[in-house]
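Derivation of every value follows stated rules applied to the coordinates shown; laboratory data play no part. Remember, predicted model here, so these are calculated numbers, not experimental data. Here Cβ is always computed from backbone atoms with ideal geometry, including for glycine, and neighbour counts include all displayed protein chains.
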Amino acid sequence: MSTQPRKSVDVVANPNPDRDYEIDIECPEFTCVCPKTGQPDFAVIRVTYVPDELLVELKSLKLYLWSYRDRGIYHEAAVNKILDDLVDRIAPRWMEISGEFAVRGGLATTVTVEYKHPAFDAE
């Protein structure tokens, strides 16, 4: 497996696809670049999901998130892009991505986005 940044994630088979269970992943060292100022942005990215048939392979997720390091992208766009890419790749029953961006210019930003498969009832 590569140790270079990647634009996609690998998947593995879910060993318990008949059961609803939640997976929480935290990346406390996420970085991207502000497209307006060129300054680095630092965030904690949290991925929480209920898998269906596939799981995100963790090392490839780390390398995927690493690919944002030099990318000029707004906070909102980054979090939404991560959600879109992961949903496209693993088709979860439910997924939430949260990005808690560190203070810059006196403001901290948290962006949270959610996907819910139409057939999934989380209640």
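Across q = 0.14 Å⁻¹, the range 27-70 modelled as identical point scatterers on its alpha-carbon atoms has Debye log10 I(q)/I(0) values of -0.41, in the order of the q list. Under 5 Å between amide hydrogens, built in the peptide plane, is the criterion, and for Thr109 it picks out Phe101 among residues at least 5 positions away or on other chains. Built from the Cα atoms of the chain, the convex hull projects on average onto 7.9 nm², one quarter of its surface area. Computed from backbone phi with θ = phi - 60° and the Karplus coefficients 6.51, -1.76 and 1.60, the 3J(HN,Hα) list for the range 65-71 is 5, 4, 5, 7, 3, 10, 8 Hz; x is used for glycine and proline.
For the range 41-123, the list of trypsin sites (Lys or Arg not before Pro) that fall in a loop by DSSP and count at most 16 other C-beta atoms within 10 angstrom reads Arg69, Arg71.
Bridge orientation summary for the chain: considering DSSP beta bridges with both residues in this region, about 95 percent are antiparallel.
Each of Thr48, Thr3, Thr110 has some number of other Cβ atoms within 10 Å of its Cβ, and from fewest to most they run Thr3, Thr110, Thr48.
Here Phe42, Phe30 are placed in order of increasing Cβ neighbour count within 10 Å, fewest first, which gives Phe42, Phe30. Each residue of the range 101-112 was assigned a 3J(HN,Hα) from its phi angle through the Karplus expression (A = 6.51, B = -1.76, C = 1.60, θ = phi - 60°), giving 8, 5, 4, 9, x, x, 10, 10, 10, 10, 10, 10 Hz with x at Gly and Pro.
Residues in the range 3-18 carry Karplus couplings, in order, of 10, 9, x, 9, 9, 8, 10, 8, 10, 9, 5, 6, x, 9, x, 8 Hz; the curve used is 6.51 cos²θ - 1.76 cosθ + 1.60 with θ = phi - 60°, and Gly or Pro positions show x.
Between the residues Gly99, Tyr21, Leu55, the greatest Cα displacement towards the positive end of the dipole of the range 21-116, with unit charges on the Cβ of Lys, Arg, Asp and Glu, is found for Gly99. Tell me the angle of helix 75-90 to the major Cα principal axis of the chain, expressed in degrees between 0 and 90 and rounded to the nearest ten. Helix 75-90 sits roughly 30 degrees off the main axis of the chain. Database remark: amide H of Arg71 closer than 5 angstrom to the amide H of Val33 (H placed geometrically; neighbours at sequence offset of 5 or more, or on other chains; Pro and chain starts carry no H). Listed from fewest to most Cβ neighbours within 10 Å, the set Asp20, Asp10 follows the order Asp20, Asp10.
Each Lys and Arg Cβ is given +1 and each Asp and Glu Cβ -1; about its Cα centre, the chain then shows a dipole of about 700 debye. Database remark: amide H of Glu29 closer than 5 angstrom to the amide H of Ile45 (H placed geometrically; neighbours at sequence offset of 5 or more, or on other chains; Pro and chain starts carry no H).
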